[in-house]
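Have a look at the structure below, then the notes.
The values are calculated or read from the model by the stated rules, or taken from the named source; none is laboratory data. Values in this document were obtained by computation on a predicted structure and should not be read as measured data. Here the Cβ positions follow ideal geometry from the backbone for every residue, glycine too, while neighbour counts run over all protein chains shown. For accessibility, only protein heavy atoms count, side chains too; no ligands or nucleic acids. Shrake-Rupley method; radii C 1.70, N 1.55, O 1.52, S 1.80 Å.
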Amino acid sequence: MKILLIGNTGFIGNRLYGSLKEDFDVTGINSKVLDITNKDLLKDFLQENLYDLIILSAASKDVEKLEQEPEYAYKINTQPVETLVENTRSRIIFISTDYVFEGTKGYYKDSDKTSPATVYGKTKQQAEEILLNSKNPSSIIRTSAVIGKGSLFFDWLLKSLKEESTLEMFEDSYFTPTSVKFLCEIIKQVIQDNNAPKIIHACGEKRLSRFELAKVIREQINSDCKIIPVKNKYKDYSLVQSEYVQNLQKKSFEQYLKEELNDV
């Protein structure tokens, strides 16, 4: 099986590429190799190179920028999926997001109706709908707050806990943090399963606030940093793991987190 990974230099894509190379014939490309926002270039590439499976990890999650530049948001997050389904019958795995929900009630199931409140979420939702209505066999993997060595938030939080005496963290902003190692394991399983569900919530098993996550990491690294809870505009983007994922999870979030910290 020949696999194309689009976006192999982003945080998730880079870690996934390294993991896939252990077991699969995988080609990784990025914006330096191919501008996927250029429909003609992507079309030509797909016609010249045939793959059994295409994984689309490339995207922009700069929520603030995307709100200001909706046309760019569409070109980077939605349009490439349109081009893929128009020019290939390959199986597609699409990395989506918790932001396809509005972030008010949390505990979103994979069967819940999407209702994005941001341009980022809307463009990801549009991409999902294109795949769901296409003839391509596909799986949409929604994940949340993916953390590990190399992710900006994780690296910043770890550095702050080690170097600062106090740290303020939001106590009313919720998500389901996901170990990038765990996410890679799930994706590898989906690759090998032609009967995998269309929509999969591949995330950690725990709903945490940023304040609570900071406390978990502080305990793991034996930091003396005092973490101060502060208020923000309430948001709850937490996902409920798909049953498919629950049946595959072998270790707890804390165990995966410990492995990430050991790699730092």
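Under a 5 Å amide H to amide H cut-off, with H placed in plane at 1.01 Å, what residues pair with Val230 once short-range neighbours are removed?
Met169, Phe170, Glu171
For segment 109-173, give the magnitude of the charge dipole about the Cα centre (Cβ charges: +1 Lys/Arg, -1 Asp/Glu; no others), in debye to the nearest 20.
For this selection, approximately 420 debye.
Can you give the extra length, in nm with one decimal, that the chain gains between Leu41 and Lys231 once fully stretched, where that is 0.36 nm per residue apart less the Cα-Cα distance?
63.8 nm
Rank Gln125, Gln241, Gln220 by mean-square fluctuation in a GNM of the chain with C-alpha springs under 10 angstrom and give only the top-ranked residue.
Gln220
Which cross-chain or sequence-distant (5 or more) residues have an amide H under 5 Å from the amide H of Ile93, H modelled 1.01 Å from N in plane?
Ile54, Ile55, Leu56, Ser139
Mind running the shape call on segment 208-264? Use the C-alpha gyration tensor, a ≥ b ≥ c as the square roots of the eigenvalues: rounded below 1.5 for a/c, prolate if a/b tops b/c, oblate otherwise.
Verdict is oblate for segment 208-264.
Using helices alone, what [θ] at 222 nm do you get for the chain, with -39,500 (n - 2.57) per DSSP H run of 4 or more residues, divided over all residues and rounded to the nearest 500?
Helix contribution divided over all residues of the chain: -12000 deg cm²/dmol.
Relative to a virtual label point 7 Å from the Cα of Asn247 in the Cα→beta-carbon direction, which members of segment 144-187 show backbone nitrogen distances below 18 Å?
185-187
Please compute the contact order of segment 136-264 in relative form: average sequence separation of alpha-carbon pairs under 8 Å and at least six residues apart, divided by the residue count, as a percent.
Across segment 136-264, relative contact order equals 38 percent.
Can you compute the radius of gyration and Dmax for segment 113-189, using only the Cα atoms, both in Å?
16.6, 55
Can you pull the one-decimal nm distance between simple spin-label points at Lys188 and Val216, each 7 Å off the Cα toward Cβ?
Placing both labels 7 Å along Cα→Cβ, they lie 2.2 nm apart.
Using the Karplus equation 6.51 cos²θ - 1.76 cosθ + 1.60 (θ = phi - 60°), what ³J(HN,Hα) coupling, rounded to whole Hz, does each residue of segment 6-15 give in order, writing x for Gly and Pro?
Whole-Hz 3J(HN,Hα) from phi for segment 6-15: 8, x, 8, 10, x, 4, 5, x, 5, 5.
When a/c is below 1.5 the answer is rounded, else prolate if a/b is larger than b/c, else oblate, so apply that to segment 1-97 with a ≥ b ≥ c taken from the square roots of the Cα gyration tensor eigenvalues.
oblate
Return a whole-number percent for the relative contact order of segment 79-152, with Cα pairs under 8 Å and 6 or more residues apart as the contact set.
Value for segment 79-152: 44 percent.
Please give the contour-minus-distance gain from Lys198 to Ser31: 0.36 nm per residue of separation, less the Cα-Cα distance, rounded to one decimal in nm.
So the chain would gain 57.4 nm between Lys198 and Ser31.
Apply the a/c threshold of 1.5 to the C-alpha gyration tensor of the chain and tell me whether it is rounded, prolate or oblate.
Since a/c reaches 1.5 and a/b is larger than b/c, the shape of the chain is classed as prolate.
For segment 31-189, what does the accessible surface come to per residue with a 1.4 Å probe? Please give it in Å².
Counting only protein heavy atoms, the per-residue value for segment 31-189 is 46 Å².
Please state the relative contact order of the chain as a whole percent: Cα pairs under 8 Å, 6+ residues apart?
19 percent
Fully extended, how many nm does the chain gain between Asn136 and Lys2 (0.36 nm per residue separation, minus their Cα-Cα distance)?
Result for the pair: 46.6 nm of gain on full extension.
Residues with amide H under 5 Å of Tyr174's amide H, sequence separation 5 or more or different chain, H placed in the peptide plane at 1.01 Å from N; which?
Amide H neighbours of Tyr174: Lys235, Asp236, Tyr237.
With charges only on Cβ, +1 for K and R and -1 for D and E, what is the dipole size of the chain about its Cα centre, in debye, rounded to 20?
With Lys and Arg at +1 and Asp and Glu at -1, about 280 debye.
Could you name the lysines whose alpha carbon sits less than 17 Å from that of Lys159, not counting residues in the same chain fewer than 8 places away?
Lys149, Lys215, Lys226, Lys258
Here are some pairs, Lys2/Lys188; Lys105/Lys231; Lys113/Lys231; Lys32/Lys75; Lys109/Lys233; which of them have Cα atoms lying more than 20 Å apart in this structure?
Too far apart for the 20 Å limit: Lys113/Lys231; Lys109/Lys233.
Cut-off 10 angstrom, C-alpha nodes, Gaussian network model of the chain. Which of Lys206, Lys149, Lys113 fluctuates the most?
Maximum among the listed residues: Lys113.
Each residue of segment 195-211 in order: what ³J(HN,Hα) in whole Hz does its phi give by Karplus 6.51 cos²θ - 1.76 cosθ + 1.60, θ = phi - 60°, with x for Gly and Pro?
With the stated coefficients, segment 195-211 comes to 9, 4, x, 5, 10, 10, 8, 9, 8, x, 8, 10, 7, 9, 8, 4, 4 Hz.
Grab the beta carbon distance between Asp263 and Ser115, set R0 = 30 Å, and tell me the FRET efficiency rounded to 0.05.
0.25
Using a 1.4 Å probe on the protein chains only, how many percent of the accessible area of segment 181-264 belongs to carbon and sulfur?
Ligands and nucleic acids excluded, carbon and sulfur reach 42 percent.
Under a GNM of the chain (C-alpha, springs under 10 Å), which listed residue has the highest mean-square fluctuation: Pro80, Pro229, Pro116?
Its mean-square fluctuation being the largest, the pick is Pro229.
Got a sec to turn the phi values of segment 67-75 into Karplus ³J(HN,Hα) couplings, 6.51 cos²θ - 1.76 cosθ + 1.60 with θ = phi - 60°, whole Hz, x for Gly and Pro?
Karplus values, whole Hz, x for Gly and Pro: 5, 7, 10, x, 5, 5, 4, 5, 5.
So for the pair Phe153, Glu69, with labels modelled 7 Å out along Cα→Cβ, what separation do we get in nm?
So the two model labels end up 2.2 nm from each other.
To the nearest 20 debye, what charge dipole does segment 1-49 have about its Cα centre, counting +1 at the Cβ of each Lys and Arg and -1 at the Cβ of each Asp and Glu?
That gives a dipole near 140 debye.
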